[in-house]
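The next block holds one structure in the form of structure tokens; read it before the comments.
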Ligand SMILES: Nc1ncnc2c1ncn2[C@@H]1O[C@H](COP(=O)(O)OP(=O)(O)OP(=O)(O)O)[C@@H](O)[C@H]1O
Ligand SMILES: [Mg+2]
């Protein structure tokens, strides 16, 4: 598979009152075409910052990004983002259908964009509600509209920032399966930022584990599960449980068991010292998660 | 719903009836009964020929010019206020530099400008238009700026990521997002337009409803004076109802359609 996204030594520092706050400390990874890669990391480690840098919403202080071979400057032409805040990312004054059409107005004629929007709504199982306003839908349905809007745009890369963090557990399972089905059917390349270790294992072909700020890639895990996944049997399987513990261990500052080496020894060291500081916060976080799932 | 409507107007009718009785009992020339005012009003404005829908000459020489100036002045203020307001609302730099100026401009009571415009334009329509437009501009401008500014960051990010072109961004996101606030400003301004129309005609006009009020007062024609006042009330009611209808249609997408007539003060 050709490389779709290549991130090289990307770093970002925010200007803070007392100097600078280094959120991302130099992150390198690649995503192949058709892959779904999950990014996990402790709270506040710069996952959103990383995603916003790739999307061109902020310009990183160092490093470079290449999307299907061409260096990215500003906002790439064929990239879509699904934000966590589904209710705010949709336009309440437009119907569902018109929300999906909205980004296509620039490039497509009326008939073509109507057809594309209808098609994308069909993919996410919302063909019946195109005429409704978004506030007439449930949260899960609204997020499906946002996903349909992103897919209708036919992006080379789909970025998602904690897309299912604001919906209830049952809806999250449904949306996870929907995302897997739709993106596989269309061989989409997807990068998902998530808080949830289980979700990252369930969704991902690969998992990038980040350390606490300034974040680095602690591990790049390949998810050795069959591509067909099932909310019950997959989550019960031994491979799933092993990977989940491995991811959790890495998040809490463990060293990678290293079948796939981390890019440099230096990073692993850094990861450990920094990650130990985050261990407590993250343990509290996963504790909270466990009760919701 | 229908019941509520009936009850509301029943109370109105009862109050008019009470006034009628009180006025007849008091028999004071300053306070003619409503029936007499209504008679005077229909004689003044509805005594014209059939082919002009019974509208009399006074309607064409006084009422329509007044209404025309009001609508033109308010319309100009609406166009200017929304355009400038949206531009200022989306520009932090403009807000930073113009903020104090706008707060000051808004604090000046609009009728205080009448003498200034009288000097600048003398008596006549330009002076009245200037008074209305510059007087009612601020609520529209400040509300539009506020509405445009408060477009949330997720929508801005969404527009940037999908590379929404500038015109589509302004017309398709900023304006609709700011529309509820814009309408709040437009409503306040419409009521204010009526006030300024009358004020400007009281001091600087040779026709119009306000001018006729002054004439009636000088001639001690109290029924005509009251008829003029009632006409202004009816006019304000109709204009507000018309605007509310437009607003209801344009904001039909809003989740809850509770359009209470609440005068949102500018800029809050
Ligand atoms: N606009 C900003 N200005 C200054 N600092 C910021 C800004 N945005 C984020 N930060 C800081 O940068 C760090 C990384 O933030 P970011 O939102 O990327 O983390 P995150 O991993 O997405 O966190 P979470 O898991 O809570 O979503 C945080 O310490 C945050 O306080
Ligand atoms: Mg985040």
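Coordinate-derived values only; no laboratory data. Every value quoted in this text rests on a predicted model; they were computed, and no experiment measured them. As a convention, Cβ positions derive from the backbone with ideal geometry for all residues, glycine included, and neighbour counts pool all protein chains shown.
Of note:
- Euclidean distance of C-alpha centroids, the range A:2-35 and the range A:110-127, integer Å: 34
- The share of C-alpha pairs in the range A:61-168 whose separation exceeds 20 Å stands at 41 percent.
- Zone residues, the range B:105-143, relative to residue B:98, backbone N less than 18 Å from point 7 Å out along Cα-to-Cβ: B:105-108, B:133-143
- Expected 222 nm ellipticity per residue - DSSP helices of 4 or more, -39500 (n - 2.57), all of the protein assembly as shown, to 500: -18000 deg cm²/dmol
- Intensity falloff of the range B:88-200 expressed as log10 I(q)/I(0), Debye formula with alpha-carbon point scatterers, at q = 0.13, 0.15 Å⁻¹: -0.60, -0.74
- With a 10 Å cut-off around each Cβ of B:174-187, the average count of Cβ atoms from other chains is 1.
- For the range B:32-250: Kirkwood Rh in Å [reciprocal of mean 1/r, alpha carbons]: 19.2
- Projected label points at residue A:122 and residue A:64, each 7 Å from Cα along the beta carbon direction, are separated by 4.2 nanometres.
- With N as its number of residues, the protein assembly as shown has a Cα radius of gyration that, divided by 2.2 N^0.38 Å, comes to 1.34.
- Tilt relative to chain B, helix B:2-26 - C-alpha long axis, 0 to 90 degrees, to 10: 40
- R0 of 60 Å, Cβ-Cβ distance residue A:132-residue B:27: FRET efficiency to nearest 0.05: 0.45
- From most to least packed by mean Cβ count within 10 Å, the peptides B:37-50, A:97-110, A:227-240 give A:97-110, B:37-50, A:227-240.
- For chain A, the longest principal axis of the Cα atoms and the long axis of helix A:110-123 meet at an angle of about 60 degrees.
- Averaged over the residues of A:75-81, the number of partner chain Cβ atoms lying within 10 Å of the residue Cβ comes to 3.
- As a rough footprinting exposure proxy, the listed residues B:212, A:17, A:216, B:155 were ranked by other beta carbons within 10 Å of their own, and the order from fewest upward is A:17, B:155, B:212, A:216.
- Residue separation of residue B:215 and residue B:122 scaled by 0.36 nm, minus their Cα-Cα distance, works out to 31.5 nm of gained length.
- Per-residue shielding of A:87-100, expressed as the average number of other chain Cβ atoms within 10 Å of the residue Cβ, stands at 4.
- Rounded to the nearest 10 degrees, the angle from helix B:64-89 to the longest Cα principal axis of chain B is 20 degrees.
- Sorting B:141, A:57 by the number of Cβ atoms found within 10 Å of their own Cβ, with the fewest placed first, yields A:57, B:141.
- Binned Cα-Cα distance frequencies in the range B:1-57 - 10 Å width, integer %: 22, 29, 30, 19, 0
- Each of residue B:54 and residue A:16 was given a label point 7 Å from its Cα along the Cα-to-Cβ line. The distance between the two points is 7.8 nm.
- Listed by Cβ neighbour count within 10 Å, with the fewest neighbours leading, B:169, A:93, A:135, B:74 appear as A:135, B:169, A:93, B:74.
- Cβ-derived FRET efficiency at R0 25 Å, residue B:108 paired with residue B:238, nearest 0.05: 0.30
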